[in-house]
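Below: one structure, written as structure tokens.
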């Protein structure tokens, strides 16, 4: 199957919607594609603005960058994520077929979530993707930006 960038984004958004509905959330969609979030989930009397990302793995790691990237006739552009406008970053991995949920304020510019244990056995400061499958995400027990 051909995976154009927009197709990947559509697939990720659909997978996150299914995951949230299975968890009992009501999923709401904005009427514009220019919103800083892709969907809103309503669960346990709370609303969550969610930005969705499709991320492929690289050597057992799921790289997550807190930025928006787009291209136009002037080239490729990137800007940091407006963290005040998004409550949760949802990551869909096609390799694992799972959704991972992160609170953007818990991290600096990027974070790496491991799918496999490091080959050198180091576990200090290692974040495993399986620890980010809860919705809404649990607060981290470390200082934000320590990644």
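The values are calculated or read from the model by the stated rules, or taken from the named source; none is laboratory data. Please read all numbers here as calculations on a predicted model, not as lab measurements. Quick reminder, even Gly has a Cβ in these numbers, built from the backbone with ideal geometry, and neighbours come from all protein chains shown.
With respect to (1) assigned to a loop (DSSP other than H, G, I, E, B); (2) surrounded by fewer than 20 Cβ atoms within 10 Å (Cβ to Cβ), the lone exception for residue 112 is condition (1).
Of all the numbered requirements in (1) under 22 Å from residue 25 (Cα atoms); (2) surrounded by 19 or more Cβ atoms within 10 Å (Cβ to Cβ); (3) in contact (Cβ under 8 Å) with a residue 40 or more places away in the chain, residue 93 misses one, and that requirement is (3). All of (1) farther than 26 Å from residue 113 by Cα; (2) modelled with pLDDT under 95; (3) over 17 Å from the mean Cα position of the chain (by Cα) hold for residue 77 with one exception: (1).
Quick one: would you say residue 115 is modelled with pLDDT under 95 and under 20 Å from residue 138 (Cα atoms)? Yes.
What's the number of the condition residue 140 fails, among (1) touching a helix residue (DSSP H, G or I) at 6+ places or on another chain (Cβ under 8 Å); (2) crowded, with 16+ Cβ neighbours inside 10 Å; (3) closer than 25 Å to residue 11 by Cβ? (3) is the only condition that residue 140 fails. Just checking, does segment 76-84 include any residue being over 23 Å from residue 21 (Cβ atoms) and part of a loop (DSSP other than H, G, I, E, B)? There is at least one residue in segment 76-84 that is over 23 Å from residue 21 (Cβ atoms) and part of a loop (DSSP other than H, G, I, E, B). Inspection of segment 56-67 finds no residue satisfying the criterion of being touching a helix residue (DSSP H, G or I) at 6+ places or on another chain (Cβ under 6 Å), closer than 15 Å to residue 137 by Cα and touching a residue at least 12 places away in the same chain (Cβ under 8 Å). Residues that are modelled with pLDDT of 90 or more, under 19 Å from residue 6 (Cα atoms) and out of contact with any strand residue (DSSP E or B) (no Cβ under 7 Å at 6 or more places or on another chain) occur at least once in segment 64-73. Among the strands (runs of 3 or more DSSP E) confined to segment 1-67, the ones with at least 2 residues that are buried (at least 17 other Cβ atoms within 10 Å of the Cβ) are located at 39-43, 46-54, 61-65.
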